[in-house]
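**Q** After the structure tokens below, expect a handful of questions from me.
No value in this document is a laboratory result; all are computed from the given coordinates. This one's a predicted model, so the numbers in the text were calculated from it and none came from an experiment. Virtual Cβ from ideal backbone geometry, glycine too; neighbours counted across all protein chains shown.
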């Protein structure tokens, strides 16, 4: 099932996407919720009904279904989970970590292979397709990060990895935007990332439930626990492909990341958790590799007006435009004792 949040009559609406048409949940059945927040809170009560109705839509068995669908291409989309209760980001792809460290001429950190890690980011900066507003300091090495993300659909605490997939409501594309100069400066103090990340994290364009991804399931890597999927991941900037990877390359599964997140802490419906960057999934890594191979390599960073498009098999295509806010305010200029 593909779930989309969009604006209709100035309020957010939850819809099922079938054959390019959006069908509002509550118009399909009075027991279904109107918003993603409500759907996640009621998950165990309504998920079977929603999946049944999704199957009926796909089979063309819902009455007059072609007369009241909203065309997906013309809808004003929000993030599929527009008001998450929290947002964490993991570090699941060894290729990205190893390459980035090699490019900095430092050894691979052995702790990566011992346990999955994550950080909290600004859940109030979650957005969907559309404009990404950036301040002047953000354009000091502005970067995309190609990732996948999940949303938690029921409350849990101390969740074992073997049970954790049952807490995953669905999967999305994530673009973990990064202002690299801000990020690198503050992380010298071993705290963060914060200002390098807190201005925008993009998810969307839809939330895809695990049943929809069953055809893509692959064996989990040796020594690991949880579902893995063979889903190609790609990114384009201004129509030029710059990145390609696969969700199946995650060295830590989402189930294992959920296990660590839930240790001694409550996970709540609406918590969003990212995978971390796929190998080749950001300019920081690509620029580092380019300069390692060619000292004259010209770095590339995102600029105002750039169009970033991300695609993951089965999860849709996420499109954003980089927009400069009308401001000359700089926190980098406020540094003291320089």
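**Q** Compute the FRET efficiency between residue 83 and residue 236 as 1/(1 + (r/R0)^6), taking r as their Cβ-Cβ distance and R0 = 30 Å, and round to the nearest 0.05.
**A** On the way: r = 29 Å, r/R0 = 0.96.
The value I calculate is 0.55.
**Q** Which of these, 149, 92, 125, has the largest mean-square fluctuation under a Gaussian network model of the chain (Cα springs below 10 Å)?
**A** Of the options given, 125 has the highest mean-square fluctuation.
**Q** Any idea what angle helix 283-293 forms with the longest principal axis of the chain, computed on alpha-carbon atoms, 0 to 90 degrees, nearest 10?
**A** Compared with the principal axis, the helix lies near 40 degrees.
**Q** Between residue 298 and residue 73, what is the FRET efficiency for a Förster distance of 35 Å, r being their Cβ-Cβ separation, to the nearest 0.05? Could you put the intermediate results ahead of the total?
**A** Working: r = 36 Å, r/R0 = 1.02.
Calculated transfer efficiency: 0.45.
**Q** Still on this structure, please answer the following. Contour minus end-to-end for residue 117 and residue 336, with contour as 0.36 nm per residue of separation and end-to-end as the Cα-Cα distance? Please report the intermediate quantities before stating the final value.
**A** Working: separation 219, 0.36 × 219 = 78.84 nm, distance 3.27 nm.
Result: 75.6 nm gained on full extension.
**Q** Gap in Å between the Cα centre of the range 4-68 and the Cα centre of the range 136-162?
**A** 25
**Q** Please report the antiparallel percentage of DSSP beta bridges with both residues in the chain, rounded to the nearest 5.
**A** Details: 57 of 68 bridges.
The answer is about 85 percent antiparallel.
**Q** Per residue of the chain, what 222 nm ellipticity follows from adding -39500 (n - 2.57) for every DSSP H run with n ≥ 4, rounded to the nearest 500? Intermediate results must be reported in sequence, preceding the final value.
**A** Working: 9 runs with 71 residues, N = 338.
Result for the chain, helices only: -5500 deg cm²/dmol.
**Q** Show me the ranking of peptides 8-17, 327-336 by mean Cβ neighbours inside 10 Å, starting with the highest.
**A** Values: 8-17: 16.7, 327-336: 9.7.
For the peptides 8-17, 327-336, the packing ranking is 8-17, 327-336.
**Q** Against the longest principal axis of the chain, how steep is helix 43-58, in degrees 0 to 90 to the nearest 10, with axes from Cα atoms?
**A** 80
**Q** Using the 10 angstrom Cβ neighbour count as an exposure proxy, how do 134, 282 rank, fewest first? If you can, show how the numbers build up before the last one.
**A** Values: 134 20, 282 26.
Ordered from fewest to most neighbouring Cβ atoms within 10 Å, 134, 282 come out as 134, 282.
**Q** What is the fewest-to-most order of 135, 310, 1 by other Cβ atoms lying within 10 Å of their Cβ? Please list the in-between numbers first.
**A** Values: 135 17, 310 27, 1 22.
Going from least to most buried by this count: 135, 1, 310.
**Q** With r as the distance between the Cβ atoms of residue 224 and residue 186 and R0 = 30 Å, compute the FRET efficiency 1/(1 + (r/R0)^6) and round to 0.05. If you can, show how the numbers build up before the last one.
**A** Details: r = 32 Å, r/R0 = 1.08.
Calculated transfer efficiency: 0.40.
**Q** Using only the alpha-carbon atoms, how far is helix 94-103 inclined from the longest principal axis of the chain? Give it as 0 to 90 degrees, nearest 10.
**A** Helix 94-103 sits roughly 20 degrees off the main axis of the chain.
**Q** Further question: Testing the spin-label approximation: label points 7 Å from Cα along Cα→Cβ at residue 326 and residue 216. State their distance in nm.
**A** 4.1
**Q** May I ask you to sort 97, 106 by Cβ crowding, counting other Cβ atoms within 10 Å and putting the fewest first? Provide the component values of the computation, followed by the final result.
**A** Working: 97 20, 106 9.
Ordered by Cβ neighbours within 10 Å, fewest first: 106, 97.
**Q** Peptides 190-197, 265-272: what's the order by average Cβ count within 10 Å, highest mean first?
**A** Details: 190-197: 16.2, 265-272: 19.9.
Sorting 190-197, 265-272 by mean packing, highest first, produces 265-272, 190-197.
**Q** Taking Cα pairs under 8 Å and at least six residues apart, what relative contact order does the range 192-338 come out at, in percent? Show your work: numbers first, answer last.
**A** Numbers: 164 pairs, mean separation 35.5, N = 147.
Relative contact order, the range 192-338: 24 percent.
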